[in-house]
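Each remark here refers to the structure printed beneath this line.
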Amino acid sequence: TITVSASKTYSYIFKSKSWTATLDGNSADWTSGKDGNGYSNDGVQVTTGSTGANATSPIDFTNVSKIVVKYCTNNNAGKGTVTLKVGGSDFGFQSITAPSSGGTTEKTFEITPKTPLSGKVNISVSCTKNSIYIKGISITAK
């Protein structure tokens, strides 16, 4: 008999610049390696002054197959990079460049690795212009 466990998606919503979060309405705070500059536009605000803001998930995940990040920028065309790691291994990164208008509109990006990874998830944000706001992160794992 072969047992296959289905994947589940864990959707965290960030609630403060120090990466406090909720999961299904319950407290599920991430460990802050470096706080954001503030909390605005319903997200952890990362400015050029708070580049390197990062946090680590509260639990270890098994076989992470996809991560989706919800974010926005400010109206002044925020730019930067979001880097994701799982268990200390690079999962991937996304360069963010805001459109010339409508930067505050919520957007998402998805990263899927070639091979699923296991461990805690770390998100790190480097901002090179204006602001990036990380609203939430969804992790699909078994």
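Summary table
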read-out: Failed condition for Val125, given (1) under 16 Å from the mean Cα position of the chain (by Cα); (2) more than 22 Å from Ala28 (Cα to Cα); value: (2)
read-out: Close pairs from the range 54-70: first within 26 Å of Thr105 (Cα to Cα), partner basic (Lys, Arg) and open to solvent by less than 40 Å² (accessible area, probe 1.4 Å), Cβ under 9 Å, at least 6 apart; value: Val69/Lys135; Lys70/Lys135
read-out: Residue list for the range 85-137, filter: open to solvent by 20 Å² or more (accessible area, probe 1.4 Å), in contact with a Phe, Trp or Tyr (Cβ under 7 Å, 6 or more places away or on another chain) and assigned to a strand (DSSP E or B); value: Lys85, Gln94, Lys107, Leu117, Ser118, Lys135
read-out: Test: residue in the range 41-49 that is free of Cβ contacts under 8 Å to residues at least 40 places away in the same chain and either in contact with a helix residue (DSSP H, G or I) (Cβ under 9 Å, 6 or more places away or on another chain) or of a type outside the set (S, T, N, Q) (or both); value: yes
read-out: Ala28 being modelled with pLDDT of 90 or more, among the hydrophobic types (A, V, I, L, M, F, W, C) and more than 13 Å from Ile139 (Cα to Cα); value: yes
read-out: Subset of the range 71-82 [without any contact (Cβ under 8 Å) to a residue 60 or more places away in the chain and surrounded by 20 or more Cβ atoms within 10 Å (Cβ to Cβ)]; value: Gly78, Gly80, Val82
read-out: Hey, Thr31 touching a Cys at 6+ places or on another chain (Cβ under 7 Å) and open to solvent by 70 Å² or more (accessible area, probe 1.4 Å) or not; value: no
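The values are calculated or read from the model by the stated rules, or taken from the named source; none is laboratory data. For clarity, every value in this text was computed on a predicted model and none was experimentally measured. No Cβ is skipped: glycine too gets one built from the backbone with ideal geometry, and neighbour counts run over all protein chains shown. Quick note on the areas: whole protein, heavy atoms, side chains included, nothing else; ligands and nucleic acids left out. Shrake-Rupley method; radii C 1.70, N 1.55, O 1.52, S 1.80 Å.
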